[in-house]
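Q: I'd like to ask some things about the structure below.
The values are calculated or read from the model by the stated rules, or taken from the named source; none is laboratory data. Just so you know, these numbers come straight off a predicted model, no measurement behind them. Cβ coordinates were reconstructed from backbone atoms using ideal geometry, including for glycine residues, and neighbour counts include every protein chain displayed. All accessible areas refer to the heavy atoms of the entire protein, side chains included, with ligands and DNA or RNA removed. Shrake-Rupley method; radii C 1.70, N 1.55, O 1.52, S 1.80 Å.
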Amino acid sequence: MMSDANIFQPPNFPAKSHISSIEEYNKLYKESIENPNDFWDKQAKNFLTWFSDYTQVTSGSFQNGDVSWFLNGKINVSYNCIDRHLKENKDKVAIIFEGDEATQVQKITYYELYLQVNRLANVLLSLGIKKGDAVAIYLPNTPIAIYSMLACARIGAIHSVIFAGFGYESIVSRVDDAKCRLIITADEGLRGGRYIPLKEKIDQVVKHCKSVEHVLVFKNTGRHVNFNSSIDIWADEAMVEQRPYCPPVFLDSEDPLFILYTSGSTGKPKGLVHTQAGYLLYAAMTHRYVFDYQDDDIYACMADVGWITGHSYIVYGPLANGATTFIFEGTPLHPTPARYWEMVERHKITQFYTAPTAIRSLMKFPVSFTESSDKSSLRVLGSVGEPINPEAWRWFYNHVGQEKCAIVDTYWQTESGGHLISPLPGATPMKPGSATKPFFGIELRVLDSKTGQVITGEKEASGVLAVARPWPGMARTVFQSHSRYLTTYMNPYPGHYFTGDGVRRDNDGYYWIEGRVDDVINVSGHRLGTAELESALVGCSLCAEAAVVGFPHDIKGQGILAFCTLKQGYEEDESNVIALLKKEVRTIIGPFATPDVIIITPSLPKTRSGKIMRRILRKIGAHESTPEQLGDISTLAEPEVVQLLIDKVSKVI
Ligand code: WTA
């Protein structure tokens, strides 16, 4: 057994864990790697209900980009998440919802969920939506988002959930890319006491998106919004007119379930496509093992359904397992920083899954906010989205978990569908800051980033993180851009899936994620491409050129630092210009993408061939700007601009 002050042994739960020792994990992991076909065959039969059996467990390879799982099987995801639980658990609560105010609590049983999803699926059919059509979902984080996703899944429509914090251009590009025929939205969202206009944004979007035939509008806040009867339909009125049974469509394992866009290092966001059976199996299985989910648990994930964490761990994983899942429209600070822990006490939450950025923002407040609620129901605390710094880990462990809970630091991606690396609560000794060990079936490699050589052996290794064999939950393609899928993930290191993350593996075989090695930044757990931000900035008529980098930020993990040169005539009024540029990014991408710091400069550090030296800008942002740290800058076209930028940045960061 490893022993060290920095190693935390897994707690002994009164209820037996699914995996209750590291030996058991090792054994099952070994089996999953040595005998993958049998392993996954067993899991697919255990976790999923099939309309007809598959004929082959898996085929294809990374290299050929043709990975598929459970070939020719017939299945329906909404049937797996709802119908099959009705026989025994009709009255079990499927969803607990809390709105922005603590008084807005709703509990929805599996039977009620069934009725709503069936009615909504029939509404979709009545609007001519059929298998293979793409439906955009732009909704607040409430049960209606879950109904909408499952209604699409029921009829084989492909949902594309667009996070409700996205602004105009981000919505338009997503709706256009998948040629969505329908948008499902609501009047408004309500978070932290602020109304978020959703329908109003969609009104602008439909003017430009030719593919959209209808907008289905739910009432969330119930306040007045514009209504255009030639295109808009009130969802509640339409649902009342529909029969609450809609036969689930028999879909192939490999039919698409959803598209979810995520940022990469170049170009516009990629629409990752996840398919039916492999995705659902992987979401359900990781949900059960990583959270050690047991039948009577009240499982809560604080994410938004607009991101992959919401898809896999609010909706699909928990509901496939017949769990009670929690969905929260509000924020951790509203009305006070005690909100999360009051929810834990109110609902006797057993698993609580959140992001390091939320933990860091709560740590700043007096600990009395955390300690005043009864948190004794908790067994497992989860972290996702970015590396968790050991200080935040310990605060979570001590003050929230009261030294009795397991912390699962889950490393994964939109592309992976579910967790790739994570401790298992009853089994894995934890090290604060390490996501620890791979999940079953995940064969990891540390590669030398330059040569692509696999770094083997027991000794510490540092490099980039890759996966050496396909797993059921992986995205199968980028929507209508398979070549981009291959170029981004499969071609950089042939025979491997490339994660885009740097990693260190320690002597105990534990993985420590070191952040992205590409031009993707992670701001409060939101993944953003610097290229997207730059293009939003230069889209503004004031800005001539922009270079964006991440910088270390106490709460957000990374902040957004933008360097902009201006077009002639705009140079005088810097603070006004900065405000305008920030506003532009808020409108185009969304408020969460607003640059923290904008530096106006007469020029950017470039090579003589005109390439912006982002490496130097990153160092300046991190205050690593001594001559030794910056390295040779004599090859720059205008080396003197570097000192100017160092001076400007040091005044604001
Ligand atoms: C980062 C979110 C360290 C990583 C589920 C990855 C993490 C990107 C962790 C994916 C973690 C996610 N520790 N880094 N536990 N979890 N990341 O697609 O850089 O929004 O590549 O999926 O977040 O972000 P995405």
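Q: Sort through Asn12, Asn26 and tell me the only one that's open to solvent by 50 Å² or more (accessible area, probe 1.4 Å), of a type in the set (S, T, N, Q), out of contact with any Pro (no Cβ under 6 Å at 6 or more places or on another chain) and modelled with pLDDT under 95.
A: Result of the check over Asn12, Asn26: Asn12.
Q: Here's something else I'd like to know. Within the bounds of region 370-381, is there any residue that is in the same structural domain as Ile349 (by the TED database), within 11 Å of the ligand (Cβ to nearest atom) and either surrounded by fewer than 24 Cβ atoms within 10 Å (Cβ to Cβ) or assigned to a helix (DSSP H, G or I) (or both)?
A: no
Q: When you go through Lys87, Lys131, Lys107, Lys92 one by one, which is the residue that is open to solvent by 10 Å² or more (accessible area, probe 1.4 Å) and within 24 Å of Gly271 (Cα to Cα)?
A: Exactly one residue qualifies, and that residue is Lys131.
Q: Keeping to region 601-616, report how many residues are open to solvent by less than 20 Å² (accessible area, probe 1.4 Å), touching a residue at least 40 places away in the same chain (Cβ under 8 Å) and among the aliphatic types (A, V, I, L, M).
A: 1
Q: A further question on this structure: Can you name the residue in region 341-361 that is open to solvent by 10 Å² or more (accessible area, probe 1.4 Å) and in a helix (DSSP H, G or I) and is also nearest to the ligand (Cβ to nearest atom) among such residues?
A: It comes out as Thr357.
Q: Residues to consider are Arg191, Arg243; find the one that is open to solvent by 50 Å² or more (accessible area, probe 1.4 Å) and under 21 Å from Pro140 (Cα atoms).
A: Sole residue among the options that is open to solvent by 50 Å² or more (accessible area, probe 1.4 Å) and under 21 Å from Pro140 (Cα atoms): Arg191.
Q: If you go through region 412-426 one residue at a time, do you hit one that is touching a residue at least 12 places away in the same chain (Cβ under 8 Å), in the same structural domain as Gly500 (by the TED database) and away from the ligand (no atom under 16 Å from the Cβ)?
A: Checking region 412-426: at least one residue is touching a residue at least 12 places away in the same chain (Cβ under 8 Å), in the same structural domain as Gly500 (by the TED database) and away from the ligand (no atom under 16 Å from the Cβ).
Q: Continuing with this model, one more query. When residues of region 298-316 are filtered for being within 10 Å of the ligand (Cβ to nearest atom), farther than 17 Å from Pro332 by Cα and assigned to a loop (DSSP other than H, G, I, E, B), how many remain?
A: Final tally of qualifying residues: 1.
Q: Then there's this: Among the residues of region 623-633, is any over 30 Å from Tyr195 (Cβ atoms), surrounded by 12 or more Cβ atoms within 10 Å (Cβ to Cβ) and in contact (Cβ under 8 Å) with a residue 40 or more places away in the chain?
A: no
Q: Take Glu169 and tell me if it is modelled with pLDDT under 95 and either assigned to a loop (DSSP other than H, G, I, E, B) or open to solvent by 20 Å² or more (accessible area, probe 1.4 Å) (or both).
A: Taking the combined requirement at face value, the residue satisfies it.
Let's see how each residue does on (1) more than 16 Å from the ligand (Cβ to nearest atom); (2) within 20 Å of the chain's Cα centre (by Cα); (3) buried (at least 17 other Cβ atoms within 10 Å of the Cβ):
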site	(1), (2), (3)
Met430	no, no, yes
Phe439	no, yes, yes
Gly457	yes, no, no
Pro472	yes, yes, yes
Ala475	no, yes, yes
Gln480	yes, no, no
Thr487	yes, no, no
Gly502	no, yes, yes
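Q: Do we have Asp596 as of a type in the set (Asp, Glu) and without any contact (Cβ under 8 Å) to a residue 12 or more places away in the chain here?
A: no
Q: So, one more: Any idea which of Ile555, Ile578 is under 30 Å from Lys364 (Cα atoms), out of contact with any helix residue (DSSP H, G or I) (no Cβ under 6 Å at 6 or more places or on another chain) and not small (Gly, Ala, Ser)?
A: Ile578
Q: For residues in region 261-297 being within 25 Å of Pro332 (Cα to Cα) and of a type in the set (Phe, Trp, Tyr), which is nearest to the ligand (Cβ to nearest atom)?
A: Among them, the one singled out is Phe291.
Q: Now for a separate question. Go through (1) within 15 Å of the ligand (Cβ to nearest atom); (2) in contact (Cβ under 8 Å) with a residue 60 or more places away in the chain and name the single condition Gly330 misses.
A: Exception for Gly330: condition (1).
Q: Would you check if Pro390 is open to solvent by 20 Å² or more (accessible area, probe 1.4 Å) and within 16 Å of the ligand (Cβ to nearest atom)?
A: Against the criterion (open to solvent by 20 Å² or more (accessible area, probe 1.4 Å) and within 16 Å of the ligand (Cβ to nearest atom)), Pro390 qualifies.
Q: Go through (1) within 15 Å of the ligand (Cβ to nearest atom); (2) under 23 Å from Ser17 (Cβ atoms); (3) open to solvent by less than 10 Å² (accessible area, probe 1.4 Å) one by one and return the number of the condition Leu465 breaks.
A: (2)
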